[in-house]
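**Student:** One structure, pasted below without further comment.
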Amino acid sequence: MRIVSVMNYKGGVGKTSLTSNLGAELAWRGFKVLLLDMDPQTSLTFSFFSPEEWEKDLAKDRTIKDWFSGSPPPLGNLIVEPTRSASILAGRGCLHLIASHLGLVNVDLELATGMGGATLTQVKQKYVSVHRRLADGLAQIPQGAYDIILIDCPPNFNIVTKTAIVASQYVVIPAKPDYLSTLGIDYLRRSVAGLIKDFNEFAGMAEGAPVSKINPLFAGVVFTMIQEYNGQPIAALRPFINQTRNLGVPVFDSYIKENKTLFADAPQYGVPVVLRQRANKTQQSVIDGLESFTTEFSTKLGLMAPGMTV
């Protein structure tokens, strides 16, 4: 099972749209996919459930916020299946979700209070325990239940985000090819490297069974909201794409074209763009980009769904 964090310090880069459509396209190809919404904005959750459905069926006790607080039930108890997408995917893979909550923004303080200790050794042991919280929860999900888990991370590097990275084998960075969106990519890479260093150093001091070291890899940057001319990004965007490549960070060849209306309208249907009926040539070109990225992503991670062509 692959676990992938999707993140960027900058909001508004199409992170949630990429996560929902990547998950949906993988499910269409026969994969068993779990989406985990860790962003307090709850946009991924609202891509599949209306606010009214969320309030009625999920908000009280079936979100990741409740799991992080107190003595939670097994993480698997929070998994739900969005019915509208499920009806389209019938006979193929599956697409499941663990919902988020706007109150998740307060969980970081609760987690931070759990990292105190009387000695430096105790502090380091609790650091490992807190940061492994999500990894331990995901480990309780039966082997084979999912081929891949995609985690939609918040646009920051707080403790909740760090628990996602510790649980992951890969990190994907969606980015707009502009100054602000690409500015933080190298800083993000260095922040992840620092987390890996600290966690692996402290892991040897953990109580009880030995704690495995972590080494999440950057699967790559995928550029979103691309404006095209003659089948390639317009000239104004290319310097930012090249600048990112020069950082030494892997960059996906595939990219996602801009279509504000198509992506903005998607949540009201509760179905990702890639699962909706193709309406016109412009929309199809956006979907083609999503499908191309999914193929490149699957190849890079070595994913192959039984009986399906990737």
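Every number in this text was worked out from the coordinates using simple rules, so none of it is lab data. All values derive from a computational prediction rather than experimental measurement. Cβ atoms come from the backbone with ideal geometry, glycine included; neighbour counts cover every protein chain shown.
**Student:** Using the charge dipole of the range 127-235 (Lys, Arg: +1 at Cβ; Asp, Glu: -1 at Cβ; taken about the Cα centre), state which of 203, 137, 160 has its Cα farthest towards the positive end.
**Tutor:** Selected residue: 203.
**Student:** Using just the helices of the chain, give the 222 nm mean residue ellipticity in deg cm²/dmol: DSSP H runs with n ≥ 4 each add -39,500 (n - 2.57), and the total is spread over all residues, rounded to 500.
**Tutor:** -12500 deg cm²/dmol
**Student:** Hey, another quick one. Listing 260, 176 from the residue with the fewest other Cβ atoms within 10 Å to the one with the most, what is the order? Numbers along the way, then the final one.
**Tutor:** Working: 260 8, 176 21.
With the fewest neighbours first, 260, 176 line up as 260, 176.
**Student:** Compute the relative contact order of the range 1-135 as a whole-number percentage, counting only Cα pairs closer than 8 Å that sit 6 or more residues apart in sequence.
**Tutor:** Relative contact order of the range 1-135: 29 percent.
**Student:** Can you list the HN-Hα couplings for the range 292-298, worked out from phi with the Karplus curve (6.51, -1.76, 1.60; θ = phi - 60°), rounded to whole Hz and with x for Gly and Pro?
**Tutor:** Running phi through 6.51 cos²θ - 1.76 cosθ + 1.60 with θ = phi - 60° gives 5, 5, 4, 5, 5, 4, 4 Hz.
**Student:** How large is log10 I(q)/I(0) at q = 0.13, 0.14 Å⁻¹ when the Debye formula is applied to the Cα atoms of the range 101-241, each weighted equally and without solvent?
**Tutor:** -0.69, -0.78
**Student:** Out of residues 5 or more away from residue 92 or on other chains, whose amide H comes under 5 Å of its own, with H placed 1.01 Å from N in the peptide plane?
**Tutor:** Under 5 Å from the amide H of residue 92: no residue qualifies.
**Student:** Could I ask something else about it? In whole percent, what relative contact order does the chain give with Cα contacts below 8 Å and a gap of six or more residues?
**Tutor:** 27 percent
**Student:** Still on this structure: Quick query: amide H of residue 218 versus all other amide H atoms, modeled in the peptide plane; which residues come in under 5 Å with a sequence gap of 5 or more or a different chain?
**Tutor:** Under 5 Å from the amide H of residue 218: 171.
**Student:** Something else about it: Please turn the phi angles of the range 24-30 into ³J(HN,Hα) values with the Karplus equation 6.51 cos²θ - 1.76 cosθ + 1.60 (θ = phi - 60°), one per residue in order, whole Hz, x for glycine and proline.
**Tutor:** 5, 5, 4, 5, 4, 7, x
**Student:** Out of the DSSP beta bridges found with both residues in the chain, what percent are antiparallel (nearest 5)?
**Tutor:** 10 percent
**Student:** Another question, if that's okay. So which aspartates and glutamates pass the test for residue 10, namely a Cα distance under 12 Å, with those fewer than 8 places away in the same chain ruled out?
**Tutor:** List returned: 178.
**Student:** For a quick check: sort 153, 94 by the number of other beta carbons within 10 angstrom, fewest at the front.
**Tutor:** Fewest-to-most ranking of 153, 94: 94, 153.
**Student:** Using Kirkwood radius over Cα pairs in Å as the read-out, say which of (1) 23.7; (2) 20.0; (3) 28.3 was calculated from these coordinates.
**Tutor:** (2)
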